[in-house]
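First comes the structure, then the notes that go with it.
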Amino acid sequence: MPDAPVPVDLPLEARLAAAVAQYGEGAVVLRALSLIAGNNEGEDFLLYVGGEHARGILDGAPVLYWPELWGTRALLYVWNDSAIPAITAALDNQAWRVREMAARVAAAHGLAVEGILTSLLTDDVARVRAAAARALGAVGSDIEVLKPLLKDPEIDVRRGAQQAIDALRKKTPAS
């Protein structure tokens, strides 16, 4: 019996739920990790994680960093702790979009990567700085490292830093 077509028109969370139903949660995590490592996981899985955008790659567009990004993003929704080393490594990926997404995943799953996130506060890309700041609001403890970002030239970075500072203050009430 042939597999059902990949529901590329559904939102990512629904596509990943369909992938989990098709392959199992562990297999989806492993395949996402394989994408992050730069491997080919087949057309169907690429469509699950990339949706309509994956069709471009399948039709011959340059791959660039997209599969790595989609594999990283999939781990927002389908997770187990075997992904920790890959997400930690992705925080240092050459592609800024992958670094940004890895910071979001680290925050979502409470990963103990405060030092690496702190180093991203000086990233050349504003979106990475903002994501790192927000992630530190979830997994960090040091408000002082965030304060310089309150004067960043990019408003999204300033907002991210302020949100992180507010989150950290809520976690550690003044004595």
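The values are calculated or read from the model by the stated rules, or taken from the named source; none is laboratory data. Computed from a prediction, not measured in an experiment: that's the story for all the values here. Backbone-built Cβ (ideal geometry, glycine too); neighbour counts: all protein chains shown.
Hey, among the residues in the stretch 122-144 that are charged (D, E, K, R) and part of a helix (DSSP H, G or I), which one's farthest from the chain's Cα centre (by Cα)? My answer is Glu144. For the stretch 145-153, does any single residue satisfy the condition of being within 12 Å of the chain's Cα centre (by Cα) and part of a helix (DSSP H, G or I)? For the stretch 145-153, residues within 12 Å of the chain's Cα centre (by Cα) and part of a helix (DSSP H, G or I): absent. Here Arg55, Arg97, Arg73 are screened, and the one residue that is basic (Lys, Arg) and over 19 Å from Gly160 (Cβ atoms) is Arg55.
Taken together, the criteria exclude Ser119 from residues that are within 16 Å of the chain's Cα centre (by Cα), over 17 Å from Val6 (Cα atoms) and part of a helix (DSSP H, G or I). Once the stretch 125-141 is narrowed to residues that are among the β-branched types (Val, Ile, Thr) and surrounded by fewer than 23 Cβ atoms within 10 Å (Cβ to Cβ), the residue that is farthest from Asp156 (Cα to Cα) is Val139.
Scanning the stretch 6-45 for residues that are surrounded by fewer than 18 Cβ atoms within 10 Å (Cβ to Cβ), under 16 Å from the mean Cα position of the chain (by Cα) and among the hydrophobic types (A, V, I, L, M, F, W, C) yields Leu12, Leu30, Ala37.
Just to be sure before I move on: is Arg104 farther than 26 Å from Thr172 by Cα and either outside the structural domain of Glu25 (by TED's automatic domain parsing) or of a type in the set (D, E, K, R) (or both) in the structure I sent? When the stated conditions are applied, Arg104 does not pass them.
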